[in-house]
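Report on one structure; see the data block that follows.
The values are calculated or read from the model by the stated rules, or taken from the named source; none is laboratory data. Remember, predicted model here, so these are calculated numbers, not experimental data. In this analysis, Cβ positions are derived from the backbone assuming ideal geometry, glycine residues included, and neighbour counts consider all displayed protein chains. These accessible areas exclude ligands, DNA and RNA; they are computed on the full protein's heavy atoms, side chains included. Shrake-Rupley method; radii C 1.70, N 1.55, O 1.52, S 1.80 Å.
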Amino acid sequence: MHLGNYLGAIRNWVAMQETRDCVYGVVDYHAITTPFEPRELGSDVWDMVMDLIAVGVDPEDSAIIIQSQIPQHTELAWILSTITPISWLERVPTYKEKSEMHPDYVHLGLLSYPVLMAADILLYRADEVPVGDDQLPHLELTREIVRRFNHMFGETFSEPQAFFQRDSARIMSLSDPEKKMSKSLGPNSYIALADEPDLIRKKVRKAVTDIGPSTDAMSPGVANLFGLLKLVGGDSDHDSLMGDYEAGTLRYVDLKDATAEAIISFLEPIRNRRRELEREPEALEKAVASGRDRAGEIAVETMDTVKSRLGIR
Ligand code: AMP
């Protein structure tokens, strides 16, 4: 998990647990739709489980699941794929983006990815899905699939609503600040929650600040560092360095150092919790087993209903 995921989305997932029954999934079947390393996938999945618990998702409260462990995800996706017109999928923006990013890896699963996502949501008959604006088209597609399913086979699913994040922030890449922070842009573009302090210092020191000819407007890289500093370090450092910026006396190295130190302190409790969890693999397995049991029960119920609507017994 990187800082963009956490600040943009996942810290709100933690807050949602207070008022809702939640299912959070580590979606390994989605992960294999873009090029991946089979030797790393297994440990990446457990790293993500560890990150979720380290940031505060409570496995006794929310169900944490690994998608491939609950076969009903792909079972429902297959059924939904038989009622989803190909033209609906071709217009999903991420299909085009990913096809351009990996022209040698364009396949049926990449096109039908949003159907699997619809299955992830509908399997648990979720009322709300926490999404960022980049994922709204996927949710809209899920709603269209619901309407079509209900029309063809009788009222079965209700349309899930978008749950918008409270002050959700979009964090930009350190190395390419016009794009959002993402693992796919390379290791210098993002800060992982598990990064050690020295690595964080190194990555922030390398962050792009000014690009192209200077203009009066603040460059995206500098704005991103200020945004990060405010989110993780609070107002005081931010406001004093912003004062320097406005006076034309800011040294970017000072902004970078302050941002790096603020990120390090902000992530420290998460890093510590992660270290404890690394020593407790049985606790992680127990958490996932409990999620699988609880979510699996709902999945079985949903599939019984869906199959009987289709006349499959
Ligand atoms: P992804 O890893 O792209 O599947 O994203 C997981 C969640 O994190 C989604 O809700 C995204 O909207 C959010 N997210 C991903 N990257 C960023 C970013 N750089 N800034 C803010 N939110 C992000």
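A compact table of results
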quantity: Selection from region 182-210 of residues that are surrounded by 13 or more Cβ atoms within 10 Å (Cβ to Cβ), part of a loop (DSSP other than H, G, I, E, B) and at pLDDT below 95; calculated: 182, 194, 209, 210
quantity: Lone unmet requirement of (1) away from the ligand (no atom under 15 Å from the Cβ); (2) assigned to a loop (DSSP other than H, G, I, E, B); (3) within 30 Å of residue 303 (Cβ to Cβ) for residue 105; calculated: (3)
quantity: Selected residue [within 16 Å of the ligand (Cβ to nearest atom) and more than 30 Å from residue 304 (Cβ to Cβ)] from 219, 175, 240; calculated: 175
quantity: Among (1) of a type in the set (S, T, N, Q); (2) under 29 Å from residue 196 (Cα atoms); (3) modelled with pLDDT of 95 or more; (4) open to solvent by 20 Å² or more (accessible area, probe 1.4 Å) - the single one residue 69 does not satisfy; calculated: (2)
quantity: Residue that is nearest to the ligand (Cβ to nearest atom), among those in region 1-39 that are of a type in the set (Asp, Glu) and either surrounded by 19 or more Cβ atoms within 10 Å (Cβ to Cβ) or in contact (Cβ under 8 Å) with a residue 24 or more places away in the chain (or both); calculated: 28
quantity: Residue 153 vs. criteria surrounded by 15 or more Cβ atoms within 10 Å (Cβ to Cβ), farther than 19 Å from residue 89 by Cα and within 13 Å of the ligand (Cβ to nearest atom); calculated: no
quantity: Identity of the residue in region 108-138, assigned to a helix (DSSP H, G or I) and modelled with pLDDT under 95, that ends up farthest from the ligand (Cβ to nearest atom); calculated: 137
quantity: Odd one out for residue 246 among (1) within 29 Å of residue 52 (Cα to Cα); (2) in a helix (DSSP H, G or I); (3) over 22 Å from the mean Cα position of the chain (by Cα); calculated: (1)
